[in-house]
1. Mind listing whichever residues of region 148-180 are under 25 Å from ASN121 (Cβ atoms) and outside any helix (DSSP H, G or I)?
2. Which residues, counting only those in region 87-105, are aliphatic (A, V, I, L, M), open to solvent by 70 Å² or more (accessible area, probe 1.4 Å) and closer than 13 Å to GLN162 by Cα?
3. Of all residues in region 168-186, which are open to solvent by 60 Å² or more (accessible area, probe 1.4 Å) and either of a type in the set (Val, Ile, Thr) or in contact with a strand residue (DSSP E or B) (Cβ under 7 Å, 6 or more places away or on another chain) (or both)?
4. Looking for something open to solvent by less than 70 Å² (accessible area, probe 1.4 Å) and touching a Phe, Trp or Tyr at 6+ places or on another chain (Cβ under 8 Å) - is there at least one such residue anywhere in region 141-154?
5. For LEU165, state whether it is under 26 Å from the mean Cα position of the chain (by Cα), open to solvent by less than 60 Å² (accessible area, probe 1.4 Å) and either closer than 27 Å to GLN92 by Cα or polar (S, T, N, Q) (or both).
6. Give me the pairs, please: first residue somewhere in region 176-195 and free of Cβ contacts under 8 Å to residues at least 24 places away in the same chain, second residue anywhere and open to solvent by less than 20 Å² (accessible area, probe 1.4 Å) and part of a helix (DSSP H, G or I), beta-carbon distance under 6 Å, and either six or more positions apart or on two chains.
7. Out of region 117-133, which residues are within 14 Å of SER175 (Cβ to Cβ) and not in a loop (DSSP other than H, G, I, E, B)?
8. Of all residues in region 134-147, which are outside any helix (DSSP H, G or I) and without any contact (Cβ under 8 Å) to a residue 12 or more places away in the chain?
Amino acid sequence: MSNVIEEKRKSLAMKNVPGDKVNERDLESGTTTMVASPDEQSQGMQRGSVDSLPESIKEAAEGGTATKGESIVFVDGPIPDGGYGWIIVICQFFSQLATWGMFTVYGVLISWFTQNHTFGNTPPIMFAWIAGFGVSTAFWVSPLTSYMSKLFPLWVNLFISQVVLSLGFILAGFSTKIWQLALTQGVMTGFGVGL
């Protein structure tokens with residue numbers, strides 16, 4: 001086993017990779033993890049940019065000599081715990097609640113519509129189709145969403161999405177016929193969720 005480690009260390013030394021950047025455990029398992037030092041990190045390295053790598057690591061990354069299991073790892077320091085990340089988590093929670101949460105509790109609406117005959121003697125399967133329209137429209141819109149995210153900033157897409165979603169729910173409250181409910185609560189809200 002030690003011969004394998006020494007051969008790996010020699011091959012890395014020939015690539016100008018200092019030995020203190022090689023993890024012993026990775027050498028034993030057949031993988032190589034090179035860790036950039038804080039000095040190399042301060043030279044302006046950016047994640048995902050090969051041009052900003054130090055020369056010793058750039059040669060290993062660009063040389064095509066990496067084999068299966070080899071990786072380059074940059075240590076930026078401790079991951080911050082808290083702060084702005086929790087704001088994003090809370091916003092995402094309310095976003096999921098307003099979008100997929102409404103499709104999840106649609107069964108409550110179906111029972112209300114059927115018990116109170118809100119739309120006449122419409123069979124329950126018709127209401128189930130409306131929920132299906134909403135979910136399927138959300139997925140059918142995804143190519144448009146991908147295209148729009150390249151054209152506009154994220155806040156523009158989210159604003160359009162929330163306006164369409166809100167209008168869908170509000171107009172569904174004024175629906176008197178089943179086809180109106182299908183267009184508003186089904187297709188329109190599905191479009192808002194998909195964006």
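The values are calculated or read from the model by the stated rules, or taken from the named source; none is laboratory data. A quick note: this is a predicted structure, and the numbers were derived from the prediction, not measured. As a convention, Cβ positions derive from the backbone with ideal geometry for all residues, glycine included, and neighbour counts pool all protein chains shown. The accessibility values were calculated without ligands, DNA or RNA, using every heavy atom of the protein model including side chains. Shrake-Rupley method; radii C 1.70, N 1.55, O 1.52, S 1.80 Å.
1. Within region 148-180, PHE174, SER175, THR176, LYS177 meet the criteria.
2. Hit for region 87-105 is LEU97, nothing else.
3. Once the filter is applied, which keeps residues that are open to solvent by 60 Å² or more (accessible area, probe 1.4 Å) and either of a type in the set (Val, Ile, Thr) or in contact with a strand residue (DSSP E or B) (Cβ under 7 Å, 6 or more places away or on another chain) (or both), region 168-186 yields ILE170, THR176.
4. Checked against the condition, which is being open to solvent by less than 70 Å² (accessible area, probe 1.4 Å) and touching a Phe, Trp or Tyr at 6+ places or on another chain (Cβ under 8 Å), region 141-154 yields at least one hit.
5. In short, yes.
6. From region 176-195, the pairs are THR184/GLY168; THR184/ALA172.
7. MET126, PHE127, ILE130, PHE133
8. Correct list: empty.
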